[in-house]
Amino acid sequence: MYLTSNISQLMTEKIKINSKVFIGGWVRNKRHSKLGISFINLYDGSCINDIQIIANNKLNNYKKEILNITSGCSLTVKGILKYSPKNLQKYEIHALKIKVIGWVYNPGKYPISPKKHSLKYLREVSHLRSRTKIISCITRIKHNIALYIHNFLNKKNFFWVNTPLITTLDTEGSGKMFRVSTLDLSNIKYKKNKNIFKKDFFGKEAFLTVSGQLNLETYACSMSKVYTFGPTFRAENSNTKRHLAEFWMLEIEIAFSNLEYIINFIEKMLKSIFKYFLNFHESEISFLSQREDNNLFNKINKILLNKFNIIEYNEVINILTKCKENFSHLITWGEDLLIEHEKYLTNKYFKNIVIIYNYPKNIKAFYMYLNNDKKTVASIDVLFPDIGEIIGGSQRESRINILDERLEELKLNKNNYWWYRDLRKYGTIPHSGFGLGFERLISYITGIYNIRDIIPFPRTPYNAKF
Ligand code: 4AD
Ligand code: MG
């Protein structure tokens with residue numbers, strides 16, 4: 001069975017009017033008129049639009065099948081492409097033959113009716129939710145933005161490097177990693193043996209990676225401009241709208257660059273992504289504006305029109321301690337910002353994106369470049385209104401003696417980092433990079449502020465249902 005086209009092709013005038021088409025899809029809804037004509041709205045996920053199929057009672061299965069079609073049935077349709085007399089949709093198909101491929105058992109219990117469902121309800125039926133306009137819309141946007149990023153980086157001479165998902169190092173030093181093991185953990189014998197991991201698959205403890213950065217740095221120190229884009233895992237017990245146990249991260253690493261360079265790079269890259277989104281997603285923006293966030297266009301346009309606010313951590317602490325806001329926690333120098341502080345800065349104080357740089361070394365990872373004050377590191381967090389942190393990055397510590405001091409300070413075993421330290425021994429260079437949380441970015445772009453609606457099958461504490 002080969003379909004001649006999908007709905008997106010029909011809608012973009014790639015197929016001539018009055019030509020014969022053959023499409024397949026699922027019924028969104030249907031209406032039967034007393035005059036012996038049925039109007040069936042069919043979707044196939046290829047674009048935001050459904051296409052209307054006009055079926056009349058001359059079709060040989062009209063009475064027996066077409067009148068019994070319900071939402072969710074799958075069909076193939078042979079017909080003629082026509083202009084639609086009503087303005088809602090440009091085209092419709094006048095059916096010559098309709099074949100019901102799959103019926104819906106017990107239509108009254110079909111979980112996806114044509115009415116608007118809440119996103120919370122849809123999470124309960126994640127295996128069926130991509131049948132809704134909203135979830136398929138998010139999925140297409142994600143696809144397009146990911147491709148755009150690959151192209152953007154390719155044009156700038158970056159190479160895509162596939163860093164491993166299984167690792168033995170805790171890049172961020174938070175200790176929140178999922179163990180990878182083939183040992184039988186229910187076996188008491190193993191539990192009592194301290195050296196059990198010598199018998200494990202890799203002969204040592206292994207985990208799912210929290211970041212591909214350390215491995216990516218090895219390629220930046222040979223191929224100059226590289227990135228990795230894939231899943232990362234964090235066993236944080238954070239049940240928020242911004243946290244997933246499995247999420248996708250874009251990580252970029254640039255040789256011979258410092259913090260200032262990547263701050264400029266990030267602003268250019270994000271603005272380029274937003275510009276692409278505004279220019280090429282008109283129908284998605286109009287749909288999302290109606291359904292979720294009527295300020296979507298202005299929100300993103302405002303980012304394009306203004307320079308990002310770039311501010312040092314010291315200055316941020318001044319702002320936060322002097323302001324009259326009623327925070328649940330009064331922040332002092334040396335502490336990390338909580339979401340309430342981030343939201344105050346982005347939503348109220350600057351009313352836009354904020355890049356904070358030079359955080360205290362004690363709240364950041366071992367690999368960040370130590371500044372001359374010996375108290376702060378050349379690091380950044382990029383904060384977005386409503387969401388908070390979308391990007392974290394830094395200049396990397398490229399001086400072996402200082403890197404070693406930091407590892408010792410943090411009581412990390414230098415031997416475990418031998419290959420990472422080698423990069424600093426053999427032709428070291430200044431280099432910098434950052435990681436962007438892909439779902440958080442798409443959450444901002446779509447105005448859908450629960451990250452569980454952005455990833456198809458969310459993994460969160462006590463939740464890996466589908
Ligand atoms: O700030 P993070 O922890 O930075 C790193 O992992 C660096 N190694 C990146 C680098 O320099 N190459 O994480 C980067 C971004 C965050 O800013 C956030 O957007 C996202 O990853 N992120 C999460 N997204 C969803 N769920 C979680 N649990 C996340 N944790 C981090
Ligand atoms: Mg961070």
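The table below gives the values:
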item	result
Residue match in the stretch 223-233 (condition: within 16 Å of ligand 1 (Cβ to nearest atom), assigned to a helix (DSSP H, G or I), crowded, with 17+ Cβ neighbours inside 10 Å and of a type outside the set (Ser, Thr, Tyr))	no
Residue check, LEU67 assigned to a helix (DSSP H, G or I), farther than 22 Å from SER8 by Cβ, at pLDDT 95 or above and over 38 Å from the mean Cα position of the chain (by Cα)	yes
Filter result (part of a helix (DSSP H, G or I) and crowded, with 18+ Cβ neighbours inside 10 Å) within the stretch 274-285	PHE274, PHE277, GLU284, ILE285
Subset of the stretch 17-38 that is outside any loop (DSSP other than H, G, I, E, B) and either on the phi > 0 side of the Ramachandran plot or in contact with a Phe, Trp or Tyr (Cβ under 7 Å, 6 or more places away or on another chain) (or both) - its residue that is surrounded by the most Cβ atoms within 10 Å (Cβ to Cβ)	GLY25
Filter result for ILE145 (within 16 Å of ligand 1 (Cβ to nearest atom), assigned to a helix (DSSP H, G or I) and surrounded by 11 or more Cβ atoms within 10 Å (Cβ to Cβ))	yes
Which numbered condition HIS32 fails, given (1) modelled with pLDDT of 95 or more; (2) closer than 17 Å to VAL104 by Cβ; (3) over 32 Å from the mean Cα position of the chain (by Cα)	(1)
Test result for LEU122, crowded, with 19+ Cβ neighbours inside 10 Å and either in contact with a helix residue (DSSP H, G or I) (Cβ under 8 Å, 6 or more places away or on another chain) or outside any strand (DSSP E or B) (or both)	yes
Where a residue in the stretch 95-116 is charged (D, E, K, R) and its partner, wherever it lies, is outside any loop (DSSP other than H, G, I, E, B) and at pLDDT 95 or above, with Cβ under 8 Å and at least six apart	LYS97/VAL77; LYS97/LYS78; LYS97/GLY79; LYS99/LEU75; LYS99/THR76; LYS99/VAL77
Residue count for the stretch 367-405, restricted to those that are more than 13 Å from ligand 1 (Cβ to nearest atom) and touching a strand residue (DSSP E or B) at 6+ places or on another chain (Cβ under 7 Å)	6
Of all residues in the stretch 339-382 being within 22 Å of ILE429 (Cα to Cα), touching a residue at least 40 places away in the same chain (Cβ under 8 Å) and in a loop (DSSP other than H, G, I, E, B), the one that is nearest to the chain's Cα centre (by Cα)	ALA365
Qualifying residue in the stretch 176-193 (condition: surrounded by 14 or more Cβ atoms within 10 Å (Cβ to Cβ), within 16 Å of ligand 2 (Cβ to nearest atom), part of a loop (DSSP other than H, G, I, E, B) and more than 19 Å from the chain's Cα centre (by Cα))	yes
Complete set of residues in the stretch 39-81 that are over 29 Å from LEU288 (Cβ atoms), surrounded by 15 or more Cβ atoms within 10 Å (Cβ to Cβ) and not polar (S, T, N, Q)	ILE54, ALA55, LEU59, TYR62, GLU65, ILE66, ILE69, LYS78, GLY79, ILE80
Evaluation of PHE197 against (1) surrounded by 15 or more Cβ atoms within 10 Å (Cβ to Cβ); (2) at pLDDT 95 or above; (3) out of contact with any Pro (no Cβ under 9 Å at 6 or more places or on another chain); (4) not small (Gly, Ala, Ser) (one fails), failing number	(2)
Boolean, SER211 is within 16 Å of ligand 2 (Cβ to nearest atom) and at pLDDT 95 or above	yes
Looking only at the stretch 87-104, and only at residues there that are assigned to a loop (DSSP other than H, G, I, E, B) and within 33 Å of the chain's Cα centre (by Cα), the one that is modelled with the highest pLDDT	VAL104
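The values are calculated or read from the model by the stated rules, or taken from the named source; none is laboratory data. Just so you know, these numbers come straight off a predicted model, no measurement behind them. Positions of Cβ are generated from backbone atoms using ideal geometry, with glycine treated the same way; all protein chains shown enter the neighbour counts.
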